[in-house]
Ligand SMILES: N[C@@H](CCC(=O)N[C@@H](CS)C(=O)NCC(=O)O)C(=O)O
C-alpha cells in the first residue's frame, strides 16, 4: 500500500478526522505531493484486511504513508509531521507551549468528549443523566479554558495560524454538526474563532470534499 507513485498517500473519508491533515496540506499548498486515497473503513473486507495489516492496526483513518517509511498514525501526529516536514505553519518559539498543549489536549482529551456527544446525539445511545451531566461539565470546562487562552488572539498560537488550528478547528466543526451546534452556544469566543476559520477557503474546500 506504500505510495508507488512516489507521492505520500493520505487515507481519508469525508467529515472524518482526516479533515485535519487534508486542510493542513491545502494550507501548506502541498497538494501536488499527495495521493489522497478515499477509504471507507468497514466497506470492502479485502481492502480492510490489507489496510489493517500494512497501514493501521485498527483500520481507522487518517493514516499517512510516506514512501520508504513506516505509516504515520493519528491525525495530530500527521499534522505535526507535515508542518515540520514543510517548515511552515509552525509556532513562534514563545507560542510552543500552546502548540504542543493544544495538539495533544485536543486529540487525547477533547476528541473523546466529542465522541461521547456523537454517541448521544448522533447515534441516539442512552446514558444516565449523571453521565451526560458529567461529560457536559467536562466539555464546558475545556471550552472555557480554551476560550480564556483565545481571548484577544486570533488563533491558538497568537495571531499566527498554525497546524494546531487545523487540529483544534476540527473540534469546532465536530461540535457544529452535533445537535445544531448546541455545545458551542455558551462559548462566544469559540463562536468568533469558528467565524474566523470558516472564512478560510482551504477549510471550506476540505469540509466540502465528498
Ligand atoms: N485518534 C485517532 C482516531 C481515528 C479514528 O477513530 N477515526 C475514525 C473516523 S473519525 C475512523 O476511522 N472510524 C472508522 C471505524 O472505527 O471503523 C486520530 O485522531 O487519528
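The values are calculated or read from the model by the stated rules, or taken from the named source; none is laboratory data. These numbers come from a predicted model, not from an experiment. Backbone-built Cβ (ideal geometry, glycine too); neighbour counts: all protein chains shown.
Taken over segment 67-88, the criterion of being away from the ligand (no atom under 16 Å from the Cβ), in a loop (DSSP other than H, G, I, E, B) and either closer than 21 Å to residue 13 by Cβ or without any contact (Cβ under 8 Å) to a residue 12 or more places away in the chain (or both) is satisfied by 69, 87.
For segment 89-113, a residue qualifies if it is more than 12 Å from the ligand (Cβ to nearest atom) and within 18 Å of the chain's Cα centre (by Cα), and the qualifying residues are 89, 90, 91, 98, 99, 100, 101, 102, 105, 113. If only one of 140, 124 is away from the ligand (no atom under 13 Å from the Cβ), within 17 Å of residue 178 (Cα to Cα) and assigned to a helix (DSSP H, G or I), which one is it? Only one candidate passes the filter, namely 140. Scanning segment 46-61 for residues that are without any contact (Cβ under 8 Å) to a residue 40 or more places away in the chain and in a helix (DSSP H, G or I) yields 46, 47, 48, 49, 52, 53. Checking each residue in segment 42-66 for being within 13 Å of residue 10 (Cβ to Cβ) and either more than 13 Å from the ligand (Cβ to nearest atom) or loosely packed, with under 14 Cβ neighbours inside 10 Å (or both) picks out 65, 66.
Name the residue that is nearest to residue 146 (Cα to Cα), counting only residues in segment 89-106 that are touching a strand residue (DSSP E or B) at 6+ places or on another chain (Cβ under 6 Å) and assigned to a helix (DSSP H, G or I). Break it down into steps so the answer makes sense when it comes.
Narrowing segment 89-106 to residues touching a strand residue (DSSP E or B) at 6+ places or on another chain (Cβ under 6 Å): 91, 95, 98-99.
If we keep only those that are assigned to a helix (DSSP H, G or I) as well, we get 95, 98-99.
Values: 95: 14, 98: 10, 99: 12 Å.
Ranking the candidates gives 98 first.
Condition test on residue 10, is it out of contact with any strand residue (DSSP E or B) (no Cβ under 6 Å at 6 or more places or on another chain), buried (at least 19 other Cβ atoms within 10 Å of the Cβ) and not in a loop (DSSP other than H, G, I, E, B)? Judged against the criteria, residue 10 is not a match.
All told, residue 21 meets the bar of being within 15 Å of the ligand (Cβ to nearest atom), part of a helix (DSSP H, G or I) and modelled with pLDDT of 95 or more.
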